[in-house]
Amino acid sequence: MAIRIDLSVEHTHRLPLVEIIVIVTATLAASLLRSRFWTWERLGGVRCRVVAGVSAIVGLCVSMLPATTATTRIPGDVPTNWVLANALTLAATVSIIAVVMSPLLGGGLVLLAYFVHGIVYNMEPLVRDYLPLVGYPGPDGHWVLAVALATVAVACHVATWGSTRWAHRRDHNEG
């Protein structure tokens with residue numbers, strides 16, 4: 001199942017629903033797995049950094065479950081590599097923004113960017129090779145970008161104990 005974008009005369013672009021489900025799952029995972037006792041955990045040192053990194057990895061893996069399940073439903077002659085690369089790119093982007101701002105804002109921004117990406121992909125064929133996500137049915141995904149974003153997401157969680165001061169203040173209406 002997909003959302004059809006048909007603004008261009010020559011080409012119809014489909015946004016697979018599984019990628020939207022990945023964004024929602026990544027948002028929920030970032031909300032549920034983020035640090036709760038932030039002010040105490042900042043005093044915890046290396047152990048709390050490891051927990052933040054592991055929770056980021058778990059959040060990315062959980063976010064990949066809908067895409068992994070969806071690859072079993074794709075017809076045999078259509079490649080599935082692009083679905084997993086797109087899912088990892090989307091989940092890692094949500095995770096990075098969730099650390100800096102908040103999980104809901106991260107999910108909302110990525111969802112908005114996802115629809116803008118679909119419109120640009122449909123309207124301008126010359127930029128398709130430079131966009132971060134591969135369109136349906138793409139032969140290959142941008143795995144280098146996906147793995148790089150996932151690495152940055154885990155590094156952000158480790159460096160900030162899962163949340164920046166600004167994100168913590170935003171969540172608690174402290175300014």
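The values are calculated or read from the model by the stated rules, or taken from the named source; none is laboratory data. Fair warning: this is a prediction, and the values are worked out from it, not measured in the lab. Reconstructed Cβ throughout: ideal geometry from the backbone, glycine too, with neighbour counts over all protein chains shown. Accessible surface is based on the protein model in full, side chains and every heavy atom, while ligands, DNA and RNA are left aside. Shrake-Rupley method; radii C 1.70, N 1.55, O 1.52, S 1.80 Å.
Taking the Cα centre of the chain as origin, sum charge times position over the Cβ atoms of Lys and Arg (+1) and Asp and Glu (-1), and report the length of that vector in debye to the nearest 20. Provide the component values of the computation, followed by the final result.
Values: 12 positive and 10 negative charges, 162 e Å.
Using Cβ point charges on Lys, Arg, Asp and Glu, the chain gives about 780 debye.
Starting from the residue with the highest accessible area, list L17, L32 in decreasing order, probe 1.4 Å.
Numbers: L17 55, L32 130 Å².
I get L32, L17, largest accessible area first.
Output the 0 to 90 degree angle, nearest 10, between the alpha-carbon long axis of helix 17-33 and the longest principal axis computed from the alpha carbons of the chain.
Long axis of 17-33 versus the principal axis of the chain: about 0 degrees.
Could you go through the range 140-145 in sequence order and give the Karplus-derived ³J(HN,Hα) for each residue, using 6.51 cos²θ - 1.76 cosθ + 1.60 with θ = phi - 60°, rounded to whole Hz, and x for Gly and Pro?
Here the 3J(HN,Hα) series is 9, x, 8, 5, 5, 5 Hz.
Considering only protein heavy atoms and a probe of 1.4 Å, how much of the accessible area of the chain is carbon and sulfur, as a whole percent?
Values: 6590 of 9600 Å².
Roughly 69 percent of what the probe reaches on the chain is carbon or sulfur.
Amide H of I3 versus every other amide H placed in the peptide plane: which residues, excluding those fewer than 5 positions away on the same chain, fall under 5 Å?
It is L15, L17, by chain and number.
For E124, E10, give me the order by solvent-accessible area with a 1.4 Å probe, most accessible first, ignoring ligands, DNA and RNA. Please list the in-between numbers first.
Details: E124 75, E10 135 Å².
Largest accessible area first, the residues go E10, E124.
With only alpha-carbon atoms counted, please give the Rg and Dmax of the chain, in Å.
Just the Cα atoms of the chain yield Rg and Dmax of 17.2, 58 Å.
Set Lys and Arg Cβ to +1 and Asp and Glu Cβ to -1, take the dipole of the chain about its Cα centre, and tell me which of C48, I96, M123 lies farthest positive.
Projecting each Cα onto the dipole axis, the largest value belongs to C48.
Hey, with R₀ at 25 Å, roughly what FRET efficiency would N81 and R47 work out to, going by the Cβ-Cβ distance, to 0.05? Provide the component values of the computation, followed by the final result.
On the way: r = 37 Å, r/R0 = 1.48.
About 0.10, to the nearest 0.05.
Of Y136, A146, C156, which is farthest along the charge dipole of the chain in the positive direction, counting Lys and Arg as +1 and Asp and Glu as -1 at C-beta?
Checked the options; the winner is C156.
Could you report the chain's accessible area per residue, 1.4 Å probe, as an integer in Å²?
Numbers: 9600 Å² over 175 residues.
In whole numbers, the chain has 55 Å² accessible per residue.
Among G138, G118, G162, which one shows the highest mean-square fluctuation when the chain is modelled as a Gaussian network with alpha-carbon springs under 10 Å?
Evaluated over the chain, the most mobile residue of the options is G138.
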